[in-house]
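Notes for the one structure printed next.
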Amino acid sequence: MAQQPLPSSVQPTDIYGGDEVSALVLDPGYYHTRAGYAGEEMPKQVVPSFYGHIDGRDLFGDEVILPRAGFEVRNYMNRDSVVEDWDAATKMWEHLLVKRLQPERPTPASKNGLNVGDDGDVAMDDGENDMDGMEKPLAESPLLMTEAPWNAAKAREKAIEISMEGWGVPAFWLSRTPVLAAFAAGKATALVLDVGGANATVTAIHDGMVLKRSIQRSPVAGLWLSNQIRSMLESCEPKIDIVPSFMVENKKPVEAEAPPNARLRTFPFYIADSFRAFEEERLLTEFKESVVEVWRGPGRYMAPGNEDYARSQPGRVFEMPDGRNQMWREQRYKVSEGMWDETAAFPTAGGGDEGRVSKGQTIPALIKAALEGVDIDLRPNLLGNIIVTGGTTLLNGFNDRLNLELTTMYPGLKIKIHAAGLTSERRFGSWIGGSILASLGTFHQMWISKKEYDENGAGIVEKRCK
């Protein structure tokens, strides 16, 4: 006789059940913070991790970042993708999870004006009870959150504390981004290369666990690439100024490489440096997406004859917001070459060591160091399952170059690169992995329940979320 399911009265107490309740997935990063429902293909909300600060108030979302008096742009994360300002982080996450993702709650009976008696008195009892039930905004939604592989224990405990005590979530889980990126690609064992906004990281995953000795990171990611573009524009003759869109009132078309003919806006107040830097970064991101390409070979870009060959290839035209436009040929390869060959990088503005790449920080060196940190028997399996994720890996030619570098370094081994074809899947890899994980029926017994948290305190996250 088939085994009967347990009646609901005797459900095992250590499992957070409830298929009908959709879990939330929150994936905070240096550039963007992503949030949505588990089981969906894409995050519902993607907002910059940068936020506006004016007159002591914090404003969140892309639409609020506008030029105005006393307006600063800040980020709640530091360049290591670790939360720096917990107050701002809590507000930002609450803005996403509660205001943007939760349906509007009905007005309590005491406040909607429908229960006023003939004498004008309001029946308060129901209202007070309603308010008690509505205090915790996420009381029905388990929350899965992502973190960098090097996140500190204190920060992990703070995350569960905010979720359990501040928002009243019934269950919580914290997962590392490379593990989720591997799950999104359907792998439990893989070598994950994640090149995002602030960091490039290589992490070996074995049976869904991070091998801590393999974790490698370096700054050769989106921000570093933006600085390389700045250095390239400064080295042009004549020098090209970066003028963000908000500065341009109107412009007239000009010939290629001719000086711009534009009238710039003047503001009756001071524009904060942080706002200008944020807007410049937007423009440089557009330049990366439209122009920059990775040299695919043969050999490295700096090899004799390759630069002349690149010069003969079709170029890409890019028009700045002020109307200045030109064809970019060999320069667009040189800008990204420092990711693979430290000798090819542009010297950074100011000539200091900041932004200069050492040999150990290039992508091939990171992969080599990560593999050397794991057991020799695991290496062939990891090289056969390389997962590429992160927005900066969407540069044209990135995967071809990665394949070339790896086959040169490991000539006898089979190398297989898995890179999602869809742009959105590459940008939101760890969020998608979290969405898959949190929607699995078998994952329900993994959640840290509110009861477990109350019994063990915030330290439970260190024991459970390995």
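Rule-based calculations on the coordinates, nothing more; no lab input. Since the model is a prediction, treat every value here as computed from it, not as a measurement. Note that we place each Cβ from the backbone using ideal geometry, even for glycine, and neighbour counts take in every protein chain shown.
Relative to the present Cα-Cα distance, how much length would full extension add between residue 454 and residue 79 at 0.36 nm per residue of separation? Each step should come with its number before you reach the end.
Values: separation 375, 0.36 × 375 = 135.00 nm, distance 3.34 nm.
Stretched out fully, the residue 454 to residue 79 stretch lengthens by 131.7 nm.
Which ³J(HN,Hα) values in Hz, rounded to whole numbers, follow from the phi angles of the range 251-261 under the Karplus curve 6.51 cos²θ - 1.76 cosθ + 1.60, where θ = phi - 60° and Gly and Pro get x?
Those phi angles translate into 8, 10, x, 10, 5, 4, 6, 7, x, x, 10 Hz.
Taking 8 Å as the Cα distance limit and 6 or more residues as the minimum spacing, I'd like the relative contact order of the range 36-96 as a percentage.
Details: 62 pairs, mean separation 15.4, N = 61.
The value is 25 percent.
With each label point set 7 Å from Cα along the Cα-Cβ vector, what nm distance links residue 188 and residue 409?
Here the answer is 2.7 nm between the modelled labels.
With respect to the cross-link table entries 416/466; 288/466; 239/334; 414/463, which display a Cα-Cα separation exceeding 25 Å?
Working: 416/466 28 Å; 288/466 36 Å; 239/334 17 Å; 414/463 37 Å.
In this structure, 416/466; 288/466; 414/463 exceed 25 Å between Cα atoms.
Does the chain come out rounded, prolate or oblate, given a ≥ b ≥ c as the square roots of the eigenvalues of its C-alpha gyration tensor, rounded meaning a/c under 1.5 and, failing that, prolate meaning a/b above b/c? Numbers along the way, then the final one.
Working: a/c = 2.58, a/b = 1.34, b/c = 1.93.
The shape class here is oblate.
Would you mind calculating the gained length between residue 327 and residue 267 on full extension (0.36 nm times residue separation, minus the Cα-Cα distance), in nm to one decimal? It would help to have the intermediate numbers written out before the result.
Working: separation 60, 0.36 × 60 = 21.60 nm, distance 3.22 nm.
Roughly 18.4 nm would be gained on extension.
At 0.36 nm per residue, minus the direct Cα-Cα distance, what do residue 155 and residue 234 gain on full extension? Give it in nm, one decimal, please. Kindly include the intermediate steps, with their values, before the conclusion.
Details: separation 79, 0.36 × 79 = 28.44 nm, distance 3.98 nm.
Additional length available on full extension: 24.5 nm.
When ranked by the protection proxy of mean other Cβ atoms within 10 Å per residue, highest first, what sequence do the peptides 381-389, 409-417 form?
Numbers: 381-389: 21.4, 409-417: 12.6.
Per-residue Cβ counts within 10 Å, averaged per peptide and sorted highest first, yield 381-389, 409-417.
Farthest toward the dipole's positive end in the chain, which of 59, 77, 138, given Cβ charges of +1 (Lys, Arg) and -1 (Asp, Glu) about the Cα centre?
Of the candidates, 77 comes out farthest on the positive side.
Using a simple spin-label model with points 7 Å from Cα along the Cα→Cβ vector, what separation in nm is obtained for residue 296 and residue 282?
Taking the two extended label points, one gets 3.3 nm.
Amide H to amide H under 5 Å from residue 34: which residues, 5+ apart in sequence or cross-chain, H placed 1.01 Å off N in plane?
27, 29
HN-Hα J couplings of the range 297-302 from phi, Karplus 6.51/-1.76/1.60, θ = phi - 60°, integer Hz, Gly and Pro as x?
Karplus values, whole Hz, x for Gly and Pro: x, x, x, 8, 4, 7.
Taking the Cα centre of the range 262-317 as origin, sum charge times position over the Cβ atoms of Lys and Arg (+1) and Asp and Glu (-1), and report the length of that vector in debye to the nearest 20. Could you put the intermediate results ahead of the total?
On the way: 9 positive and 9 negative charges, 27 e Å.
In debye, rounded to 20, the range 262-317 gives about 140.
Expressed as a rounded percentage, what relative contact order does the chain have, with Cα pairs under 8 Å and six or more residues apart? Mind showing how you got there, number by number?
Values: 829 pairs, mean separation 96.3, N = 466.
It comes to 21 percent, rounded to a whole number.
May I ask for the net charge around residue 302, where only other residues with Cβ less than 13 Å from the Cβ of residue 302 are counted and Lys, Arg are +1 while Asp, Glu are -1? Present the calculation step by step, with values, prior to reporting the outcome.
On the way: positive: 300, 334; negative: 307, 308, 330, 337, 341, 342.
Summing Lys/Arg as +1 and Asp/Glu as -1 gives -4.
So who's got an amide H within less than 5 Å of the one on residue 143, skipping anything under 5 residues away but keeping other chains? H placed 1.01 Å off N, in plane.
Amide H neighbours of residue 143: 24, 171, 172, 173.
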